[in-house]
Amino acid sequence: MAFRRSGGGTNNVMKRFASFSTFLLILIFLSASTVFAQVQTRVRVIQASNAGSTIDPSLRDVHDQLGSLFSFTSYRLLKDETVSLSPNRPVAIPTHPGTALEIELIRKQKDVAEFKVKIKREKAEILNTQVRLSPGRTVVIGGPKHGEGTIILAITARF
């Protein structure tokens, strides 16, 4: 009885290795594209009112925008938070008891990032908007009433 040696064993190992390598490359590519799609986003929650005439020193970079869009005399920073956003993964930022800001990166292209911004008070949406930002730019959004004034959001994207 003669035995024939088949090269199939080595061939199967090579096929498995090639499949595993392809899978690994796809996984690395998807992980890298997620990292590259992340956008560092600074979110500032500001209380604007006509009670007094003070401007929080940390708001100097957006003071001109605030003054051109709103007619308040006082601007106070309530929260300043930087979050790393990935596409379609909303991040909630509590602003004060019962109220939260939710921000989500919808898409990022070379020179623009698009965000969905919501404010929820006791689970009810009181603000729902979308904004587009270029790298390093800030958008200022008027929000709901708060105390003697109004909430204003200043959102800056870095990518």
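The values are calculated or read from the model by the stated rules, or taken from the named source; none is laboratory data. Everything numeric in this text was worked out from a predicted model, so none of it was measured. All Cβ positions, even for glycine, are placed from backbone atoms using ideal geometry, and neighbour counts span all protein chains on display.
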request  = Test residue 39 against the criterion of being farther than 22 Å from residue 142 by Cβ, under 26 Å from the mean Cα position of the chain (by Cα) and modelled with pLDDT under 65, and give yes or no.
outcome  = no
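Restricting to the stretch 85-95, and then to whatever is part of a strand (DSSP E or B) and touching a residue at least 40 places away in the same chain (Cβ under 8 Å), can you tell me which residue is farthest from the chain's Cα centre (by Cα)? Talk me through it step by step, then tell me what you get.
Filtering the stretch 85-95 for residues part of a strand (DSSP E or B) gives 85, 87, 91-95.
If we keep only those that are touching a residue at least 40 places away in the same chain (Cβ under 8 Å) as well, we get 85, 87, 93, 95.
Numbers: 85: 4, 87: 8, 93: 11, 95: 16 Å.
That would be 95.
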inquiry  = Just to be sure I understand, how many residues within the stretch 58-80 are within 13 Å of residue 140 (Cβ to Cβ) and either modelled with pLDDT under 95 or not in a strand (DSSP E or B) (or both)?
reply    = 12
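With the structure loaded, tell me whether residue 82 is loosely packed, with under 14 Cβ neighbours inside 10 Å, touching a residue at least 40 places away in the same chain (Cβ under 8 Å) and on the phi < 0 side of the Ramachandran plot or whether it fails that test. Spell out how you get there, then give the answer.
On the way: loosely packed, with under 14 Cβ neighbours inside 10 Å: yes; touching a residue at least 40 places away in the same chain (Cβ under 8 Å): yes; on the phi < 0 side of the Ramachandran plot: yes.
The answer is yes for residue 82.
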ask   = Going through the stretch 50-59 one residue at a time, which ones are more than 26 Å from the chain's Cα centre (by Cα) and surrounded by fewer than 16 Cβ atoms within 10 Å (Cβ to Cβ)?
value = 50, 51, 52, 53, 54
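Out of curiosity, is residue 67 farther than 23 Å from residue 39 by Cβ, in contact with a strand residue (DSSP E or B) (Cβ under 8 Å, 6 or more places away or on another chain) and loosely packed, with under 15 Cβ neighbours inside 10 Å? Step through it out loud before you land on a result.
Values: farther than 23 Å from residue 39 by Cβ: yes; in contact with a strand residue (DSSP E or B) (Cβ under 8 Å, 6 or more places away or on another chain): no; loosely packed, with under 15 Cβ neighbours inside 10 Å: yes.
Answer is no for this residue.
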